[in-house]
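Everything below concerns the one structure shown next.
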Amino acid sequence: PEDIRVYEFAEACGKSPADVIKVLFSLGMMVTKNDFLKQDELEILGEEFGISVTVKDALEDVNYEENYDEEIDTSSFVIRPPVVTIMGHVDHGKTSLLDKIRSSKVAAGEAGGITQHISSYTVIKNGQKITFVDTPGHEAFSSMRTRGANVTDIIIIVVAADDGVKTQTEEVISHAKASGCPIIVAMNKMDKETANPDMVKAQMAEKNLTPVDWGGDIEFIPVSARTGDGIEDLLENILIQSELLELKADPTAKAKATVIESSLEKGRGPVANIIVQNGTLRVGDNIVCDTTFGRVKAITNDMGEIVKELGLSETGTVLGLNEVPTTGSSLIAMDSEKEVRDIATTRAEHARAKELSKSTKVSLEEMSGLI
Ligand code: GTP
Ligand code: MG
């Protein structure tokens with residue numbers, strides 16, 4: 001956006017214009033104090049000064065309501081499905097729980113066709129969609145969070161009722177709290193004789209996650225991924241939380257999605273598993289994702305079926321990027337091939353320039369050590 005000049009930016013973050021110019025100069029960008037800053041320059045300055053720069057541009061914003069206030073036309077906004085992330089200690093049954101939810105919710109016969117590993121999918125409960133994301137470990141989630149990919153609306157913490165709160169449960173609790181998302185606790189493995197839901201509640205209450213029936217505000221749902229008991233209850237609770245959040249987005253907008261997983265597949269090329277956060281992604285769309293770009297060649301849904309588009313909060317895989325994108329990065333559809341190519345190329349150049357400036361700094365330091 002052509003609306004902030006170098007000196008205005010400097011003023012706004014308490015630096016001198018010279019500081020700003022120096023940073024950009026070290027990256028090969030020549031500006032004077034009266035020049036307008038480009039979006040990429042703002043991003044770099046933000047990183048350099050350790051401040052968060054909110055760029056008011058459709059490119060980077062998901063949360064239209066927050067960043068645009070009245071400016072945005074909300075007439076085409078609709079309620080979107082919630083994105084629910086499942087977290088918890090190793091072996092407490094996250095994947096089993098999701099498998100159970102999925103198999104009981106998708107049409108019989110279709111489930112068998114899945115061959116590749118899919119960690120996110122959409123199910124329908126009472127005519128309403130819910131998108132789930134499995135987390136294989138907390139690292140994956142934290143790296144996504146630090147990249148600002150706040151794709152999650154609701155967090156489910158799975159705690160095995162026979163095992164209770166463990167080290168990774170604790171880590172997950174702090175991630176969940178930091179995210180500000182509503183939390184639901186699923187007490188799993190209730191079919192086991194040794195299951196002790198009161199122990200789980202007490203341990204969680206100690207971490208300030210107090211059950212509703214103990215006067216707190218966190219729902220604790222007893223479930224069994226083995227028998228399926230409690231799963232309906234869990235899904236209903238998710239829908240209640242989701243309604244309270246009033247999640248809205250614009251299905252008519254150009255797509256913006258987040259990359260959940262990515263890989264290079266033989267015969268298919270770079271593959272990105274995404275969740276659509278706004279708009280609708282269609283085959284043929286020009287897309288940019290980090291420093292990669294391309295045109296959507298094919299989309300498969302979470303069942304591995306070929307589809308023409310992915311809608312709000314839906315998940316699937318996208319083919320057509322020229323390189324494997326980073327997990328957690330934003331995939332954005334734009335009008336022309338030129339636009340996506342230009343943005344990807346500029347970002348790649350900046351990344352290279354930044355690497356270069358790092359190594360230059362190091363060698364200068366090394367040199368000063370020698371002198
Ligand atoms: P990671 O992805 O490694 O963190 O594990 P996870 O949390 O996804 O656990 P997973 O679903 O792989 O389950 C671990 C083990 O617990 C498996 O042997 C499951 O069969 C078992 N298990 C999961 N849920 C239940 C349950 O409700 N009851 C019983 N009895 N066993 C369960
Ligand atoms: Mg798992």
field: Violating pairs (Cα-Cα greater than 18 angstrom) within the set 256/308; 266/308; 94/166
entry: 266/308
statement: Between residue 199 and residue 227, Cβ-based FRET efficiency (R0 22 Å, step 0.05) works out to 0.60
- line: Expected vector for the stretch 337-347, Karplus 3J(HN,Hα) from phi with 6.51, -1.76, 1.60 and θ = phi - 60°, integer Hz, x for Gly and Pro, equals 5, 4, 4, 5, 5, 4, 5, 4, 5, 4, 4
message: From the phi angles alone, apply the Karplus equation (6.51, -1.76, 1.60; θ = phi - 60°) to the stretch 238-248 and give each ³J(HN,Hα) in whole Hz, x where the residue is Gly or Pro.
response: 5, 5, 5, 4, 5, 4, 4, 6, 6, 6, 9
- request: Might you work out the accessible area of residue 16 for me, using a 1.4 Å probe with all protein chains in place, and round it to the nearest 10 Å²?
  value: 50
message: Whole percent per 5 Å bin, from 0 to the bin with the longest distance: what is P(r) over all C-alpha pairs of the stretch 204-266?
response: 4, 11, 12, 14, 16, 13, 12, 11, 5, 1, 0
- prompt: What list of ³J(HN,Hα) couplings, whole Hz, do you get for the stretch 215-230 from phi and the Karplus terms 6.51, -1.76, 1.60, once you set θ to phi - 60° and write x for glycine and proline?
  reply: x, x, 10, 10, 7, 10, 10, x, 9, 9, 5, 6, 8, x, 4, x
statement: If each K or R counts +1 and each D or E counts -1, the residues other than residue 226 whose Cβ falls under 13 Å of its Cβ total -2
statement: All alpha-carbon distances of the stretch 166-320, grouped into 5 Å bins from 0, give the whole-percent distribution 2, 8, 13, 15, 14, 12, 12, 12, 8, 4, 1, 0
- line: One can check that the equivalent ellipsoid of the stretch 236-307, built from the alpha-carbon gyration tensor with semi-axes equal to the square roots of five times its eigenvalues, has lengths in Å, largest first, of 26, 15, 12
- request: Could you name the lysines whose alpha carbon sits less than 23 Å from that of residue 354, not counting residues in the same chain fewer than 8 places away?
  value: 15, 22, 33, 38
- prompt: According to a simple spin-label model (label point 7 Å from Cα along Cα-to-Cβ), what is the distance in nm between residue 178 and residue 95?
  reply: 2.5
task: Give, to the nearest whole percent, the P(r) tail of the stretch 255-353 beyond 16 angstrom, counting all Cα pairs.
output: 48
task: Rounded to the nearest 0.05, what FRET efficiency do residue 351 and residue 11 give with R0 = 25 Å and r taken as the Cβ-Cβ distance? Could you check?
output: 0.35
- request: Name the long-range amide H neighbours of residue 125: under 5 Å, sequence gap of 5 or more, or other chain; modelled H, no Pro or chain starts.
  value: 130
Highest-first arrangement of 186-196, 170-180, where packing means the average Cβ count within 10 Å: 186-196, 170-180
- request: With only alpha-carbon atoms counted, please give the Rg and Dmax of the stretch 1-55, in Å.
  value: 9.6, 23
Residue order for 163, 3 - accessible surface, 1.4 angstrom probe, largest first: 3, 163
query: Given the stretch 144-245 reduced to its alpha-carbon atoms as identical point scatterers, what log10 I(q)/I(0) does the Debye formula return at q = 0.12, 0.19 Å⁻¹?
result: -0.39, -0.96
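May I ask you to compute the full-extension gain from residue 246 to residue 51, defined as 0.36 nm times their residue separation minus their alpha-carbon distance, rounded to one decimal in nm?
Here the answer is 67.2 nm.
The values are calculated or read from the model by the stated rules, or taken from the named source; none is laboratory data. Remember, predicted model here, so these are calculated numbers, not experimental data. Counting neighbours? That spans all protein chains shown, and the Cβs are built from the backbone with ideal geometry, glycine included. Note: areas computed on protein heavy atoms with side chains; ligands, DNA, RNA excluded. Shrake-Rupley method; radii C 1.70, N 1.55, O 1.52, S 1.80 Å.
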